[in-house]
Amino acid sequence: MTVIYPALLVLGVLFLFVLLRSLVYIPNNRVGILEKLISAKGSVRSGLIALEGEAGFQPAVLRGGWHFLKPFQYRVHKMRLVTIPQGEIGYIFARDGHSLAPTQTLASNLRANNFQDATAFLRAGGQKGPQRMLLREGTYAINLALFVVLTRDYLYYLPLDRSEEAVFKKMSDLIGERHGYHPVVIRGAEDRIGIVIVHDGPAVPAGELIAPMVGNDPAFAETYHNSFQDADKFLLAGGQRGRQLQVLVEGTYYINRLFATEELVPKTVVEVGTVGVVVSYTGDAGRDLSGKDYKHGEMVAVGARGVWSEPLLPGKYAFNTYAGQIIMVPTTNFILKWNRTETGAHHLDENLSEVNLITKDAFEPSLPLSVVVHIDYRKAPLVIQRFGDIKKLVEQTLDPMVSAYFKNIGQTRTLIQLLQDRAEIQDVSGVQMKERFEVYNLELQEVLIGTPTSGEGGGQIEQILVQLRSRQIAEEQVETYTRQEHAAIKERELRQAESRARQQQALTESEIAITVQENQGKAEYARAQQQAAQIQTLAQAEAEKTRILAEGEAKKIRLVGESDADRAARVGVAQALALEEQVRAYGGPQFQLVQNVMNRFAEAIEKAGADVVPKIQMTTDGKGSGNLVENLLALLLSGKLGETVGVLPAVAADPQVETLRSELRRSLQSGNGAGLT
């Protein structure tokens, strides 16, 4: 019995040892990599992984939990699960597989894209070396004997040799230098684009500077590489090694930095007031669009190699500056200054200086100039095609042309004429030079001439200016004296005005009084005119009334007279007949006359109330004796009455007496005739 117990103990210990060697526990955060130590099939003949069960590293891995293995046949290497943090990238390096082709830099993953199945990877033709496919965020159970996983913080691999660590560390550092553990992030606020350089695939053909775009042909629609994120599809679509024409714009791109690297460059910004003329270094040779008459180069359509016929208008462009050049051409008016001390913001005139002239009178002044130029945006490609850029245009063409023109102008004028005729020269030069600028597809807006300065001799302009200033001072003095005289006159007028202002009240009152009197006179005059008009009107009315009454009275009298005359005529005829008979009866007409006169005379004395005793003596013989009656009777008796009646004095100033006297005269005259009527 004492012999049996030790044997059982040994067997138990041996069984326990074998059991422990057969049972393997794998934690859940690790994987077990099997290394087969004993195999009837022998060792692996090629490669590292034993796909046929040979001795060596097995393709399958053990996951978490207990595993029963044949004792003494396997060695289990417990390794950490591969973990890729959020927002980072993991790179794969395969230790086994097919060798890379001479043109390859990275191993293809087009078919062998499952790194967690080593058998599938190798049987699908997986290649050894760095892989094109990446690992994104997550945790992977990968056979680290076949694959080496490189991350930013850790290298996942099963060490096989001490020298491997240095190799993998160098690879990791290279990826870190290229920021390869993070995706390419282009933010919109940065206004940048990504220029991509591919490090794998066929080389760019000779004569080409940049690889063309791929994947734009509909025939390759299934092979789009998704902005270089799928390296295998990029190469399958015909992508070439080198700097790419296609650029990356705003976004996030998970690009294998061992396959392609990026260079962030600013976007091309064409400012307002400018256009961008594109000189393309890539593309097909295009057809010349400039025409046969234009012999300064060719213009091509957009996308072809050469100067594009259409410029880029103001805006932002994701333009690959390695594929071409954009030359900014100002389309607003810009000023070129021929002046050493002044330079425009565009710096196109930084090498320009004043024009050195030789005048007609042998002075050598320096003339500063400013020329305002405009370029039509549609003609900007012609200008660039002809001169290369605007600065060359200014320095190689405009500078000598403008300088020569004004040198010729200077030779035809004296220095004083140059100073005094600046405006005329400026206008004429603007017209003449405009035609010359049009030859170069430029539009001259204006020529501005500054004040000439002294040349190398010095002092010339100053002397002329001193003379001109002296002349001007003299003219100004004359003008000053004239103005002073005018000021004195104005001062006298001011004093008069002030004196008048002081007496203004009295003047105003007198003027008002004059005005009042004038107004009163006008009123009286108007009143008098009204009264005169009234009197005249009344007089006219009265005269008219009198005239009408007089005409009526005259007509009445005439009618009455005519009636009385007719009656008197009839009566007179009767009386005459009677008198004739009486006269015959009483002794003739003389007696009748005396009787008749005496009767009338008596009636007149009675009516007039005249004195019977006469105050006037009348004589016929010149002796002055007798009274009126006596004398009258004597006359009557003497028969001289007809001769003396005309000299009888007036008895009295009475109308009736005068009437009687007239009637007596008529009667006497009538009596000397054929008889009384």
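The values are calculated or read from the model by the stated rules, or taken from the named source; none is laboratory data. Computed from a predicted structure; not experimentally measured. We place every Cβ from the backbone using ideal geometry, glycine too, and count neighbours over all the protein chains shown.
Annotations for the structure displayed:
- Tally of residues being part of a helix (DSSP H, G or I) and not aromatic (Phe, Trp, Tyr) across the stretch 417-451: 21
- So Val371, is it in contact with a helix residue (DSSP H, G or I) (Cβ under 7 Å, 6 or more places away or on another chain), touching a residue at least 60 places away in the same chain (Cβ under 8 Å), buried (at least 20 other Cβ atoms within 10 Å of the Cβ) and farther than 30 Å from Lys267 by Cβ: yes
- Options Glu350, Glu364; residue that is modelled with pLDDT under 90, among the acidic types (Asp, Glu) and either assigned by TED's automatic domain parsing to the domain that holds Val300 or under 26 Å from Val439 (Cβ atoms) (or both): Glu350
Let's see how each residue does on (1) in contact with a Gly (Cβ under 8 Å, 6 or more places away or on another chain); (2) modelled with pLDDT of 90 or more; (3) buried (at least 18 other Cβ atoms within 10 Å of the Cβ); (4) assigned by TED's automatic domain parsing to the domain that holds Leu150:
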site: Phe228; (1), (2), (3), (4): no, yes, yes, no
site: Gly238; (1), (2), (3), (4): no, no, no, no
site: Arg241; (1), (2), (3), (4): yes, yes, yes, no
site: Thr268; (1), (2), (3), (4): yes, yes, yes, no
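- Filter result for Val383 (of a type outside the set (Lys, Arg), within 22 Å of Gly276 (Cα to Cα) and not in a helix (DSSP H, G or I)): no
- In the stretch 34-54, the residues that are of a type in the set (Asp, Glu) reach residues that are in a loop (DSSP other than H, G, I, E, B) with C-beta atoms within less than 7 angstrom, at least six apart or across chains, in these pairs: Glu52/Lys41; Glu54/Ser39; Glu54/Lys41; Glu54/Gly42; Glu54/Val44.
- Qualifying residue in the stretch 205-224 (condition: modelled with pLDDT of 85 or more, in a helix (DSSP H, G or I) and surrounded by 15 or more Cβ atoms within 10 Å (Cβ to Cβ)): no
- Test: residue in the stretch 118-135 that is assigned to a loop (DSSP other than H, G, I, E, B) and touching a residue at least 40 places away in the same chain (Cβ under 8 Å): no
- Hits in the stretch 330-348 (condition: touching a Pro at 6+ places or on another chain (Cβ under 7 Å) and either exposed (fewer than 15 other Cβ atoms within 10 Å of the Cβ) or not in a loop (DSSP other than H, G, I, E, B) (or both)): Trp338
- Enumeration of residues in the stretch 159-193 that are under 26 Å from Thr321 (Cβ atoms) and part of a helix (DSSP H, G or I): Glu177, Gly188, Ala189, Glu190
- Of residues in the stretch 306-317 being buried (at least 16 other Cβ atoms within 10 Å of the Cβ) and out of contact with any Pro (no Cβ under 8 Å at 6 or more places or on another chain), the one modelled with the highest pLDDT: Leu312
- Selection count, the stretch 82-110, where residues are farther than 20 Å from Arg123 by Cβ and not in a loop (DSSP other than H, G, I, E, B): 5
- In the stretch 138-163, the residues that are of a type in the set (D, E, K, R) and surrounded by 13 or more Cβ atoms within 10 Å (Cβ to Cβ): Arg152
- Verdict on Tyr281 being among the aromatic types (Phe, Trp, Tyr) and in contact with a Lys or Arg (Cβ under 9 Å, 6 or more places away or on another chain): yes
- Each residue in the stretch 406-416 was checked for being part of a helix (DSSP H, G or I) and crowded, with 16+ Cβ neighbours inside 10 Å, and 4 pass.
- Matching residues in the stretch 469-488 - criterion: being charged (D, E, K, R) and under 26 Å from Leu419 (Cβ atoms): Arg469, Arg471, Glu475, Glu476, Glu479
- Ala541 more than 60 Å from the chain's Cα centre (by Cα), loosely packed, with under 10 Cβ neighbours inside 10 Å, modelled with pLDDT under 85 and not assigned by TED's automatic domain parsing to the domain that holds Gln420: no
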